[in-house]
Each structure stands twice: as C-alpha cells, then as structure tokens.
Amino acid sequence: MRSILFAIVFIGAAAMPGPLVIPFGEQPVVEKVTAALARLPTFMNSMNSRATPVAPSYRTEAVKRGDIITTVQAAGTINALVVVDVGSQLSGRVKELYVDFNSKVEAGQVIARVEPEIYEARVAQAQAELEMAQTQVSVQRAQVERVRAELETAKARHDSAMAQTTRAQVALDGAAQELERKRPLAERKVIAAGEWERDHTAYKSAEAQAVGARAEEQSQEAAVRAAQAALGMAEAQLANTLAQVKQKEAVLRQAQIDLDRTYIRAPVTGTVINRTVSGGQTLAAGLQTPVLFTIAQDLTRMQVEASVVEADISRFAVGQPVTFTVDAYPERIFEGTVRQIRKAPQVVQNVVTYVAVIAADNPDELLLPGMTANLQVIVAARKNALTVPNAALRFRPENSDEASRDAAASAGTETDSDTAPGRVFVPERSGEPKPVAVDLGTTDGRATEVLAGELYEGQEVITGLAAPAGSDEDASSLLIKFRLR
C-alpha cells in the first residue's frame, strides 16, 4: 500500500510545472496522498502536450560593421629612459651633501663633496717636486752650455796645434833639404865642419819640434773628444731632467684631478631618485666604485620593460600601439609604443620570456620608476570591418554533421593567420538554419572579421537556441526533495 502511495506521489510530482517539495515529516500521510492525486490532471495534460513535437526557435544577431582590435596582455616594470648611478672615484669621508631625494640637478652641478685635505696636500707636494725638477733643468742647461764652451775651446786649441804641427813639419822639411844639399859639400870638405854641424843640429831641432807639435795636436784632439763626450753626457742629463719635469707635471695634474674629484658632480640633467650615503659616511673606492646617487635623466619620458611569453612574442612588432594601467591610477589609461624587442631570452623556472620595451610619454610625471604596468598590446586592428559574433561561429544545429567537427569548436578563436575558414547559419523563411561559408580575419574574442562570404550588413545569423516558453518548468528541471524523518 505504501509503495502505491509513493508511486502516486511521483506521478503527481512529474505533473507539476515546478519543483515539488513534499515535507513528509510535517504532513499526515492522507494529506500527502491527497496532494499528489490533485496533481494527476495536470500531469496528464502535460504528457499529452509533450507528445506533440515543437519546432525549435533560435536566437539571432545582426551582422554589422565595427572596429576589431586584437590585443595581447603582458605585465612589466616602468623605468626611466636613462638612469645614471653617480659614484665616487676617491676614498674618503663625505664632507657635504648638496642634494636629496627628488632634487632637480643640472649637468655639472656639484651635488656632494669628499674631504679634500689629503688631496690638497698631494697637490702641494707634486707642485714642489715639479719646481725642484724645473730648477734642476736650469742647472743642467748651464752645465751643457759650459761643456759646450769647453768643447769650442778644445777645438780651437786643436786647430792651433794642427797649425803648429804644420809649421814644424815645414821647418823640418827645410832643415832636411838644407842638410841634404850640404852633405856632398861636407864630404868634399868644401864647407867648414862647423857649418855642417850647425845644419845637422838645426835639422834635429826641427825634427824634435815636429814630433812635439804632432804630440800636442794629438793631445788637443783627445781633449776635443773628451769635451764632446762631456757635452753628450751633459745633454743626456738635461734630457733626463726634462723627462723628470714632464713626470712631475703629470703627477701634479693627477693630484689636481683627484682634488677636483672631491667635488661630486651630476653627469646629466635630471632628478635624483635615490641617495645611498649620508654626510660623514666613509667611502672606500678600492675595489668597486661606491654609488652615492641615482639620477633619472628625464621623467617626462618613461619606458616599460614588459615580460612576454614565447608564445606571444611573434605577435609583437616595433611601432605597435600599447595601452596600459598602473595600480596607482587604476582608472587612467596610459598610451605607449613598442620601441624595442630584445632577443636575449629570460629563463625563470623553465619558463622562457622575452623583454619588449615600450616607450611612453609622462608629461605629468605620474608614472614613477618601479611601478608595475598591466599592458594591452594592440597586435591587430581593423576599422569598419564586417563582423559576426563569435557565438554564431560556434553554433551548430542539432543532428548536423557540423556539430561533430572539431574545427567548429575552435571557430572564432584568436589566430595569427591572415584568413581562416568558418561557417555560420542564417535562418531561412521556413525557420530552418542555412549554412553559409565565410573567410574569417582577426577577432577580439567577442566578434570576428568576415573577409569573404555571402553575408551582408544587417543580415541575421543564428547564435543559439532560444529558450521555449515555460522552459523553466520543463520536467528536466524538476526537483523533488524528500525530507523523511
């Protein structure tokens, strides 16, 4: 008996247009059965109406013209175009800081000072050593002049000795001739023996004078050579002293450069975006240049370094327009342009990405270095294109061969190809859907460009099945809840 009652209850529930909740624990069994029996006429009418087939109805949407913009999303970090780290080439204690965070600076402006005392002392020492070397040059030049004068004197004496040698030789030759002329006379005793002796003595004397003159000449020649050697040595010493002067001048210039480097100057015109030192801090520039400040050259022009996955990098090109937002100004859209696509890969946890650099104007200086930018890169744009909704590309009628094709499921998705085949359905006068082949272009995810096909602006295309009247009361949505206690 209880099974029969439950069967009646289920039959009545099926006849109800909406979900039925039968709280068995709250009503007597007789009332439950009565409620179920009261629904039997409705159930019978519903069964009769379902036996009659009803033609399906469709949702449609018009083909229209509009703009299709295809974008790729990426994220990146905002940086200034030129960022310069300002360091110190010297070691020492920071004496003064003349700028702070956000200070505007000009190229060449003094922004800090390192204690200069030790470098001033080095300049003074180098200056003194240079003056000593210059004094030594004067002494060496005087020495060269003295030795040169001695050389000239030696040359004059040598010339005089040569002349004396010539005279002695002439006298010797004359005495020899005279002796030879009188020798036969002396042998025949034509002349007196005393006269022969005098001529012989004169010859010997002339010979001795000639020998002495030649010796003097050789001595003076040696003196000339010695003077020449002394002159060469003096000139070498002068050249060495002149080289020392140049060395001392270089040391002085280096000391002066180091002294000038105690003034830390801004290398570019810009804004100080970071300061890493304080007054009185000691700098050690032995192995690595310590960074004191970071200066952004121009904050009115920024760049976004975006990380792009390898699947999307082929869709990027220099010159593409970009829009992006930052968390600081979520309601404002900033614009930029792809300026560079770097070919060096970035591999993080086996994920390969590439860096795309986007240039963006920042006239209000709202964008700050280090901000995170969420980018929309426009990779394709079509103006006033004939478009169909993507839902129309996905729709396939029931019992249609098109419904079984895998390609149909992917119709209307974004693609890098210029054209792709597709198919839509248009309602005929009889209400039956008619397939229309089309060539598809780019898509923005909601609508797709139609490049070719028998479609015209304003034509209706089917996007899906329309919900029939009373569909909310269909038997498939019946909900029977039993609460048995």
Can you work out which of the residues in region 437-472 that are over 52 Å from the mean Cα position of the chain (by Cα) and assigned to a loop (DSSP other than H, G, I, E, B) is modelled with the highest pLDDT?
Gln459
Report every pair of residues separated by at least 6 positions or lying on different chains whose Cβ atoms are under 7 Å apart, first residue within region 302-330 and among the charged types (D, E, K, R), second in a loop (DSSP other than H, G, I, E, B) and surrounded by fewer than 19 Cβ atoms within 10 Å (Cβ to Cβ).
Arg315/Asp416
What number goes with the only condition from (1) under 30 Å from Gly441 (Cβ atoms); (2) at pLDDT 90 or above that Leu81 does not pass?
(1)
Candidates Ala236, Ala222, filtered to the one that is over 10 Å from Gln140 (Cβ atoms) and surrounded by fewer than 17 Cβ atoms within 10 Å (Cβ to Cβ):
Ala222
Only residues that are small (Gly, Ala, Ser) and either outside the structural domain of Gly319 (by TED's automatic domain parsing) or in contact (Cβ under 8 Å) with a residue 12 or more places away in the chain (or both): list them for region 335-351, please.
Gly336
Confirm whether Lys189 is of a type in the set (D, E, K, R) and in a loop (DSSP other than H, G, I, E, B).
yes
Please verify whether region 223-233 includes one or more residues that are over 30 Å from Ala107 (Cα atoms), assigned to a helix (DSSP H, G or I), within 60 Å of the chain's Cα centre (by Cα) and outside the structural domain of Thr289 (by TED's automatic domain parsing).
yes
Which one of the conditions (1) assigned by TED's automatic domain parsing to the domain that holds Val211; (2) touching a Leu at 6+ places or on another chain (Cβ under 6 Å); (3) over 30 Å from Gln220 (Cβ atoms) does Ser91 fail to meet, given that it meets all the rest?
(1)
Region 79-116, subset in contact (Cβ under 8 Å) with a residue 40 or more places away in the chain and of a type in the set (Ser, Thr, Tyr), residue surrounded by the fewest Cβ atoms within 10 Å (Cβ to Cβ)
Ser91
When residues of region 117-140 are limited to those that are touching a residue at least 60 places away in the same chain (Cβ under 8 Å) and among the acidic types (Asp, Glu), the one surrounded by the most Cβ atoms within 10 Å (Cβ to Cβ):
Glu129
Just checking, which of Gly286, Gly280, Gly212 is modelled with pLDDT under 95 and on the phi > 0 side of the Ramachandran plot?
Gly280
Among the residues of region 108-143, what is the count of those that are more than 45 Å from the chain's Cα centre (by Cα), aliphatic (A, V, I, L, M) and over 12 Å from Lys248 (Cα atoms)?
3
Take the residues in region 271-284 that are exposed (fewer than 15 other Cβ atoms within 10 Å of the Cβ) and over 25 Å from the mean Cα position of the chain (by Cα); name whichever of them is nearest to Leu130 (Cα to Cα).
Ala284
If we scan region 280-297, do we find a residue that is in a helix (DSSP H, G or I) and over 30 Å from Gly76 (Cβ atoms)?
no
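For (1) in contact with a Cys (Cβ under 8 Å, 6 or more places away or on another chain); (2) modelled with pLDDT of 90 or more; (3) loosely packed, with under 14 Cβ neighbours inside 10 Å, each residue gets a yes or a no:
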{"position": "Thr325", "(1), (2), (3)": "no, yes, no"}
{"position": "Pro330", "(1), (2), (3)": "no, yes, yes"}
{"position": "Gly370", "(1), (2), (3)": "no, yes, yes"}
{"position": "Thr387", "(1), (2), (3)": "no, no, no"}
{"position": "Asp406", "(1), (2), (3)": "no, no, yes"}
Report, by residue number, each residue of region 189-204 that is modelled with pLDDT under 75 and surrounded by fewer than 12 Cβ atoms within 10 Å (Cβ to Cβ).
Lys189, Val190, Ala193
Residues located in region 239-270, provided they are of a type in the set (Val, Ile, Thr), surrounded by 15 or more Cβ atoms within 10 Å (Cβ to Cβ) and within 30 Å of Leu81 (Cα to Cα):
Thr262, Ile264, Val268
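The values are calculated or read from the model by the stated rules, or taken from the named source; none is laboratory data. Remember, it's a predicted structure, so these values are computed and weren't measured experimentally. Because the Cβ atoms are built from the backbone with ideal geometry, glycine has one as well, and the counts that use them run over all protein chains shown.
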